[in-house]
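J.: Take this structure first; my questions come after.
The values are calculated or read from the model by the stated rules, or taken from the named source; none is laboratory data. Predicted, not measured: the structure shown is a model, and the values here were computed from it. Quick reminder, even Gly has a Cβ in these numbers, built from the backbone with ideal geometry, and neighbours come from all protein chains shown. Please note that ligands, DNA and RNA were not included when accessible areas were found on the heavy atoms of the full protein model with its side chains. Shrake-Rupley method; radii C 1.70, N 1.55, O 1.52, S 1.80 Å.
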Amino acid sequence: MYVQKLQEEWFDIAEKTKIIVEFEGYISEIDSINAINIYGLLEALLLEGEDDKSEKNLMFVALKNLTPTNIDCELSTDTTDGKCYNAIIERLDVIKINNDIDENKILAKEILQAIAVYPDMTTTDKQNFKAILSSFVYGGVDNMPADEKQNEITKGNESNQADTETSAFINVIKTIFVIFVIIV
């Protein structure tokens with residue numbers, strides 16, 4: 001099913017990334033014997049053409065691909081069309097190279113405020129984006145404080161109970177952790 005979806009959406013980078021995130025969530029749910037190999041393959045698909053194969057770049061590429069190109073927000077300084085894709089990517093670029101967690105949190109909050117009001121993203125897509133961004137702020141899942149990880153997981157569970165749409169929120173965090181372990 002996921003392979004067919006990937007084939008159908010191969011040239012739509014946002015949809016391809018969503019499918020990869022969903023697929024990773026599915027693999028972590030079924031606890032497959034070949035999970036490590038599958039994660040490696042999916043990681044390679046996301047990082048295709050990238051020289052930097054680090055966990056941080058993996059998260060950056062995923063976030064960049066998941067950011068809607070036609071999003072409107074107050075972050076944009078472009079008065080022509082009011083789109084803020086470039087403003088979000090600029091903030092992601094800063095987080096990628098910045099080690100100051102407090103500054104990264106401020107930038108992430110701005111990004112999440114823009115994503116939160118975007119009507120064309122599902123709740124699940126927003127939760128997955130937030131899960132990846134939360135890890136990205138700290139430079140990876142391993143660098144997240146335990147209470148912060150638990151807080152994100154709890155928020156994801158509460159949101160799942162309130163929303164009938166199934167979320168891969170927890171699985172995204174787990175998957176990022178597994179991929180990082182594979183890289184190291």
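J.: Got a number for residues in region 86-113 being open to solvent by 90 Å² or more (accessible area, probe 1.4 Å) and either of a type outside the set (S, T, N, Q) or in a loop (DSSP other than H, G, I, E, B) (or both)?
T.: Of the residues in that region, 7 qualify.
J.: So, Asp52, is that one in a loop (DSSP other than H, G, I, E, B) and either open to solvent by less than 30 Å² (accessible area, probe 1.4 Å) or among the acidic types (Asp, Glu) (or both) or not? Show your work before the answer.
T.: Values: in a loop (DSSP other than H, G, I, E, B): yes; either open to solvent by less than 30 Å² (accessible area, probe 1.4 Å) or among the acidic types (Asp, Glu) (or both): yes.
So Asp52 fits the description; yes.
J.: Here is a follow-up. What tally of residues in region 114-140 results from selecting those that are outside any loop (DSSP other than H, G, I, E, B), in contact (Cβ under 8 Å) with a residue 60 or more places away in the chain and open to solvent by less than 20 Å² (accessible area, probe 1.4 Å)?
T.: 6
To keep it simple, each residue is scored yes or no on (1) surrounded by 12 or more Cβ atoms within 10 Å (Cβ to Cβ); (2) farther than 17 Å from Lys64 by Cα; (3) touching a residue at least 40 places away in the same chain (Cβ under 8 Å); (4) touching an Asp or Glu at 6+ places or on another chain (Cβ under 6 Å).
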| residue | (1), (2), (3), (4) |
| --- | --- |
| Val3 | no, yes, no, no |
| Glu8 | yes, yes, no, no |
| Asp12 | yes, no, no, no |
| Lys18 | yes, no, yes, no |
| Glu24 | yes, yes, yes, no |
| Ile27 | yes, yes, yes, no |
| Asp31 | no, yes, no, no |
| Ile36 | yes, yes, yes, no |
| Glu43 | yes, no, yes, no |
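J.: Can you list residue pairs whose Cβ atoms sit under 6 Å apart, with the first residue in region 61-76 being within 11 Å of Ala87 (Cα to Cα) and the second being in a loop (DSSP other than H, G, I, E, B) and among the small types (Gly, Ala, Ser)? Count only pairs 6 or more apart in sequence or on different chains.
T.: Once the first residue is within 11 Å of Ala87 (Cα to Cα) and sits in region 61-76, its partners that are in a loop (DSSP other than H, G, I, E, B) and among the small types (Gly, Ala, Ser) give Asp72/Gly82; Ser76/Gly82.
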